[in-house]
1. Condition first: touching a helix residue (DSSP H, G or I) at 6+ places or on another chain (Cβ under 7 Å) and not basic (Lys, Arg). Now tell me which residues in segment 117-138 satisfy that.
2. Check whether at least one residue in segment 149-164 is under 30 Å from residue 92 (Cβ atoms) and part of a helix (DSSP H, G or I), and report yes or no.
3. Looking at 83, 99, 159, 144, which one is touching a residue at least 24 places away in the same chain (Cβ under 8 Å) and not polar (S, T, N, Q)?
4. Of the conditions (1) at pLDDT below 95; (2) open to solvent by less than 40 Å² (accessible area, probe 1.4 Å), residue 70 fails just one. Which one is it?
5. How many residues, within segment 167-193, are within 18 Å of residue 94 (Cβ to Cβ), touching a residue at least 60 places away in the same chain (Cβ under 8 Å) and not in a loop (DSSP other than H, G, I, E, B)?
6. Which numbered condition trips up residue 137, out of (1) out of contact with any Ser or Thr (no Cβ under 9 Å at 6 or more places or on another chain); (2) within 13 Å of residue 180 (Cβ to Cβ); (3) of a type outside the set (Lys, Arg); (4) surrounded by fewer than 20 Cβ atoms within 10 Å (Cβ to Cβ)?
7. What's the number of the condition residue 116 fails, among (1) without any contact (Cβ under 8 Å) to a residue 40 or more places away in the chain; (2) out of contact with any Lys or Arg (no Cβ under 7 Å at 6 or more places or on another chain)?
Amino acid sequence: MQGAMFLAVQHDCAPMDGGVGGGPKSEEKREKMKRTLLKDWKNRLSYFLQNSSTPGKPKTNKKNKQQTFIKPSPEEAQLWSEAFDELLASKYGLAAFRAFLKSEFCEENIEFWLACEDFKKTKSPQKLSSKAKKIYTDFIEKEAPKEINIDFQTKTLIAQNIQEATSGCFTTAQKRVYSLMENNSYPRFLESEFYQDLCKKPQITTEPHAT
């Protein structure tokens, strides 16, 4: 089943060579697969958020109100549509977007971006070097377990730069992956049923007064 779902969505996350056959039956099958995938994604997201908000050792002595994930108000959720950075700045929004990318089989994009953000904050030259090599083996090199979709020239440049790692080793690749998410996955996330539900204001029902 996962293989079929992968084929249905892979073309949205990374370019594929060759054309894909069309036709009414193919379109109907694709729509059915999309609905199944959406349902699976919503279930995964719910599970992901519940488990992320209840870690094994919860901290109860510091600011209980600021839990890891707090469901946003409709107004807060609507802010995510104003800019991609607004979505990434929200812990709940980031978790939701990550689960969405997982449903589209391109979670490696946000994982790479987050790894780069952490990498840029690293001060120790020794840690910088070890983190650079890990990012390269995880995301950049050919057939890496979470290989991202960047061009050969950028990969070659990174391979050269990590020999003497600096905080700017992955700047070009991170910008390209950010742009890919902003232009492709982000608009689809905003159109998703889950996001639309978050933006809906609860209807206030008022009982008619007796006359």
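The values are calculated or read from the model by the stated rules, or taken from the named source; none is laboratory data. Fair warning: this is a prediction, and the values are worked out from it, not measured in the lab. Note: ideal-geometry Cβ built from the backbone for every residue, glycine included; neighbour counts use all protein chains shown. Side chains included, ligands, DNA and RNA excluded: accessible areas come from the protein's heavy atoms. Shrake-Rupley method; radii C 1.70, N 1.55, O 1.52, S 1.80 Å.
1. Going through segment 117-138, the residues touching a helix residue (DSSP H, G or I) at 6+ places or on another chain (Cβ under 7 Å) turn out to be 119, 122, 131-133, 135-136.
Scanning segment 117-138 gives 119, 122, 132, 135, 136.
2. If we filter segment 149-164 for residues that are under 30 Å from residue 92 (Cβ atoms), which is where we start, we get 149-150.
Filter once more, so that each one left must be part of a helix (DSSP H, G or I): none.
For segment 149-164, residues under 30 Å from residue 92 (Cβ atoms) and part of a helix (DSSP H, G or I): absent.
3. On the way: 83 fails: touching a residue at least 24 places away in the same chain (Cβ under 8 Å); 159 fails: touching a residue at least 24 places away in the same chain (Cβ under 8 Å); 144 fails: touching a residue at least 24 places away in the same chain (Cβ under 8 Å).
Being touching a residue at least 24 places away in the same chain (Cβ under 8 Å) and not polar (S, T, N, Q) holds for just one of 83, 99, 159, 144, which is 99.
4. (2)
5. 12
6. Every condition holds for residue 137 apart from (2).
7. (1)
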